[in-house]
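No value in this document is a laboratory result; all are computed from the given coordinates. For clarity, every value in this text was computed on a predicted model and none was experimentally measured. Positions of Cβ are generated from backbone atoms using ideal geometry, with glycine treated the same way; all protein chains shown enter the neighbour counts.
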């Protein structure tokens, strides 16, 4: 039986994990309202190509800030402890949502840009919050709390674009506008900061060990490169994340310009992706692991996601976009924890935090690169980002197949619920 004080200590940490993922999905429908839809309020004289670049550049600001902040936040956690570090990141989130709110109200796009960067810096606290959950967990509750981390992240993937679309649409409420989603996230971050400071007590008998500097990452990758399988797995993980993020960041442009989807409809599309991915991460993965090894699940997932994107680009049928999005989301959701499982299993001789930190840096880097590329490729040809995403999944599948992971993992081996 969980005590009320124990639940109170963990609640703000789960809320931190939720907000870090929530903010990314929240902003996409809002930026579509502000930049892409007809009669958008900002830069009406810019060409569509320039608007596309601006849209994806703003979306890419958060991964850029996360990439920069990861070693800094780890160092702060080592020096001052997790509670103060997470609180400082929450303050960055508060400011990161307040500035776009003011930017929309006073028609200052520079505040929106600055706010997105600051919010991304604050989102770099997610690995620290996850480590704090594990440290604060009682031994017999650790597995359950790890599943709650996965639940918080996937719930954020669903609610982020959904609330971004609803709260910015006056059809739901005449008082709603493009500033309302930022106001909601601002208040949520403030509440989270208050709960963290009041309820979370950092264990004094724990060493932090969260610091993963760029020098550490370089040394880790160099050492891991001695093992061909791990080197290939890291490459597969990067290509997989690059392909997925390229699809996710280019599909709003594809849907809104090719099919004239509104920003509100786009938010439902992205919400559906979050819903099906959450099923892939949890129920579907659990069922499939009874029949397939982790190795086979990764290979099949990469192939299915790649083929689904290929058909999405090949056929201009709007209903097919919804169907392929389901397959892509489920396959991507299954591959993520399975790949992290293999990375963890093959690096037992090293600190697990180091390899997870390296994977986190590769993830942020892949989202940054794909975000910058998506609009440039889209302006050359609308289907180029999708075909490149298909190629990314395909190359990842080939490299994974050539890794010769024998003997395969036992059927039913559990992947971490991350």
**Request:** Please order 169, 345 by the number of other Cβ within 10 Å, starting at the fewest.
**Result:** 345, 169
**Item:** Ranking of 40, 107, 70 by count of other Cβ atoms within 10 Å, fewest first
**Value:** 107, 40, 70
**Fill in**
Between residue 199 and residue 84, the two model label points (7 Å from Cα along the beta-carbon direction) sit apart by a distance in nm of 2.4 nm
**Prompt:** Which distance in nm do the two modelled labels at residue 316 and residue 45 give, with both placed 7 Å along the Cα-to-Cβ direction?
**Reply:** 3.2 nm
**Complete:** With 0.36 nm assigned to each residue of separation and the Cα-Cα distance removed, residue 404 to residue 8 gains 137.9 nm
**Fill in**
Among the Cα-Cα pairs of the stretch 213-406, the proportion with separation greater than 19 Å, in percent, is 60 percent
**Complete:** Residue span residue 257 to residue 286: 0.36 nm per residue of separation minus Cα-Cα distance leaves a gain in nm of 6.7 nm
**Asked** What distance in nm separates the simple spin-label points at residue 268 and residue 296, each placed 7 Å from Cα in the Cβ direction?
**Response** 3.8 nm
**Message:** If I stretch the segment between residue 72 and residue 172 completely, what's the gain in nm (0.36 nm per residue apart, minus their alpha carbon distance), one decimal?
**Reply:** 31.9 nm
